[in-house]
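Trainee: Once you've had a glance at the structure underneath, I'll fire off some questions.
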Amino acid sequence: MAEEHITSVFDRDLEAIQGKIMKMGGLVETAILDAAQSLETRDEELAEKVRAGDKAIDDLEHMINEDAARLIALRAPAASDLRIVLSVMKIASNLERIGDYAKNMAKRTSILSNMSPINGSQAALRRMAREVNEMLKDALDSYIQRDATKAEDVIHRDADVDQMYNALFREFLTFMMEDPRNITACMHLHFMAKNTERMGDHVTSIAEQVIYLVTGDNPDTPRPKQDKTSIDATLSPESN
């Protein structure tokens, strides 16, 4: 009877943590789309909303980590349950990083709104952000459903995001070579494209955590990376 009580308490506490994960995921999904939309529509108010909203995402990660640490300390979960708790913490960390990239994108909207638009780039970035957002939704669904097959599909779709990034990178180079006045705007847009590509990497990490959670093993195949650019050796959006 005592063991059943402990199990039910653990399940209740874990369910509460997972509820926070889904709330955090919803905030991150909104941040991704709003950041891309604010660029396309030059909506500085929406961009500010994304920047301000990042605190709620950070706060949720902090709460999840505290709750998970408390759960480990008080409940001493068995190996399979411990795997769930550790996966939750890693998923929260990846969500927080995605939120940071969305915030970084939104920071550049006010700068770009005062520059001449680069033909087609804003819409292309929004399409890329939508793909990452769909990947994130499916990754979180695969976590709730414990669906390793769906998680594997998310991992493979990251190659599509990489290809979108490569195409944008080549377009930006063309615009810069055609007219030096485009260089500053294209550099900012490149950072935003790279931020979006990095979001896809973190979504892939979430999917990998789902596979680990379901199977007990890490994916045994390398990620199908398609990012073949070289500019990142000298330019890093992490520092902006």
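The values are calculated or read from the model by the stated rules, or taken from the named source; none is laboratory data. Model, not experiment: these values are computed from the prediction. With ideal geometry, Cβ positions are generated from the backbone for all residues, glycine too; neighbour counts draw on all protein chains shown. Note: areas computed on protein heavy atoms with side chains; ligands, DNA, RNA excluded. Shrake-Rupley method; radii C 1.70, N 1.55, O 1.52, S 1.80 Å.
Trainee: Checking the condition open to solvent by 40 Å² or more (accessible area, probe 1.4 Å), among the hydrophobic types (A, V, I, L, M, F, W, C), touching a residue at least 24 places away in the same chain (Cβ under 8 Å) and within 24 Å of residue 200 (Cα to Cα), which residue from 105, 89 passes?
Mentor: Criteria check complete, one pass: 89.
Trainee: Among the residues of segment 151-201 satisfying the criterion of being aliphatic (A, V, I, L, M) and surrounded by fewer than 19 Cβ atoms within 10 Å (Cβ to Cβ), which is nearest to the chain's Cα centre (by Cα)?
Mentor: Step by step, filter segment 151-201, then rank; the result is 159.
Trainee: If I filter segment 108-137 down to residues being among the small types (Gly, Ala, Ser) and open to solvent by less than 30 Å² (accessible area, probe 1.4 Å), which single residue comes out as nearest to residue 175 (Cα to Cα)?
Mentor: Looking at the filtered set, the residue picked out is 121.
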